[in-house]
Amino acid sequence: MTDAIDINIPIHGEMLHWGRRPTFEMVEQIADGYASDVSRWLIGAHTGTHVDAPSHFVPGSTTVDQIALDSVVGPVRVLDLRHVVEEISTADLAAAGAEGAARVLFRTRNSTDALTRSEKSETWVGLGPDGAAWLVDRGVLFAGIDYMTMEAPAHTSTWPTHVTLCGAGIVILENADLSAVEPGDYLMVCQPVPFAGREAAPAPTVLLPLPA
């Protein structure tokens with residue numbers, strides 16, 4: 001019996017995506033006389049629950065296979081930001097109790113709204129540039145959100161939040177399903193697929209109760 005919480009979204013051909021949805025083919029099938037089923041997938045690095053490594057926006061920076069385990073495994077604080085309309089601010093982070101946390105996950109209205117759709121929403125909740133700077137100033141290692149992007153809708157042409165977080169070496173998790181996660185502290189195990197030299201990768205992630 002485990003109290004682990006799976007915060008990953010399923011990967012399939014009709015899933016929410018920027019437009020590069022995954023596809024697959026069956027290479028071998030039991031129905032065709034083979035000993036086992038074997039599939040082959042065409043999938044983007046930013047598909048499903050995934051991490052953005054710093055090199056996503058900072059050339060020459062840490063790639064996904066170089067991310068330190070300390071960044072993606074350890075205590076994490078889930079913050080209740082469901083009241084935020086569109087852009088998480090420094091005041092929102094402070095009020096939600098982010099101070100002192102090395103890793104944070106933002107539970108927003110996305111988990112029960114924008115994240116549940118098969119097409120991109122017109123609006124969603126993202127982290128504002130001032131909020132990103134606030135995290136950097138406090139030495140945060142990891143930040144995750146429950147939508148396709150950490151960026152707020154108003155900033156998806158210049159991506160200032162990504163630039164700030166990646167520039168500081170902060171690992172970003174996107175597309176986390178936090179709908180069943182109560183705010184509070186957990187032990188997080190996030191394991192990005194180590195695509196050598198690449199900027200992002202799917203990253204199966206679970207939350208566990210903190211050891212007593």
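Could you tell me whether the stretch 9-17 includes any residue that is within 18 Å of residue 190 (Cα to Cα) and not β-branched (Val, Ile, Thr)? Step through it out loud before you land on a result.
Of the stretch 9-17, the ones within 18 Å of residue 190 (Cα to Cα) are 9-11.
From the residues that got through so far, the ones that are not β-branched (Val, Ile, Thr) too are 10.
Yes, the stretch 9-17 has at least one match.
Having 3 or more residues that are open to solvent by less than 10 Å² (accessible area, probe 1.4 Å) is the bar; report the strands (runs of 3 or more DSSP E) wholly within the stretch 123-212 that clear it. First the steps, then the outcome.
Numbers: elements: 142-145, 171-174, 184-190, 200-202, 205-208.
Correct list: 142-145, 171-174.
Looking only at residues that are open to solvent by less than 10 Å² (accessible area, probe 1.4 Å) and not in a strand (DSSP E or B) in the stretch 85-100, which one is farthest from residue 68 (Cα to Cα)? Steps first, please.
Residues of the stretch 85-100 that are open to solvent by less than 10 Å² (accessible area, probe 1.4 Å), as a first pass: 88, 93, 98.
With not in a strand (DSSP E or B) added as a condition, the list becomes 93, 98.
Details: 93: 25, 98: 22 Å.
The qualifying residue farthest from residue 68 (Cα to Cα) is 93.
Return the residue satisfying two criteria in turn: it lies in the stretch 46-90 and is of a type in the set (S, T, N, Q) and touching a helix residue (DSSP H, G or I) at 6+ places or on another chain (Cβ under 6 Å), and of such residues it is nearest to residue 153 (Cα to Cα). Walk me through how you get there before you give the answer.
Keep residues of the stretch 46-90 that are of a type in the set (S, T, N, Q), which gives 47, 49, 55, 61-63, 66, 71, 89-90.
If we keep only those that are touching a helix residue (DSSP H, G or I) at 6+ places or on another chain (Cβ under 6 Å) too, we end up with 61-63, 89-90.
Numbers: 61: 26, 62: 26, 63: 26, 89: 14, 90: 17 Å.
The extreme case among them is 89.
Going through the stretch 65-83 one residue at a time, which ones are open to solvent by 10 Å² or more (accessible area, probe 1.4 Å) and either of a type in the set (Val, Ile, Thr) or in a loop (DSSP other than H, G, I, E, B) (or both)? Walk me through how you get there before you give the answer.
Let us first name the residues in the stretch 65-83 that are open to solvent by 10 Å² or more (accessible area, probe 1.4 Å), namely 65-71, 73, 75, 77, 80, 82-83.
The answer is 67, 68, 73, 82, 83.
In the stretch 13-63, what residues are exposed (fewer than 11 other Cβ atoms within 10 Å of the Cβ) and assigned to a loop (DSSP other than H, G, I, E, B)?
13, 14, 19, 33, 35, 36, 59, 60
The values are calculated or read from the model by the stated rules, or taken from the named source; none is laboratory data. What you see is a predicted model; the values in this text were computed from it and never measured. Neighbour counts are summed over all protein chains in view; Cβ atoms, including those assigned to glycine, are modelled from backbone coordinates with ideal geometry. When the accessible area is computed, the model is the full protein with side chains, heavy atoms only, and any ligands, DNA or RNA have been set aside. Shrake-Rupley method; radii C 1.70, N 1.55, O 1.52, S 1.80 Å.
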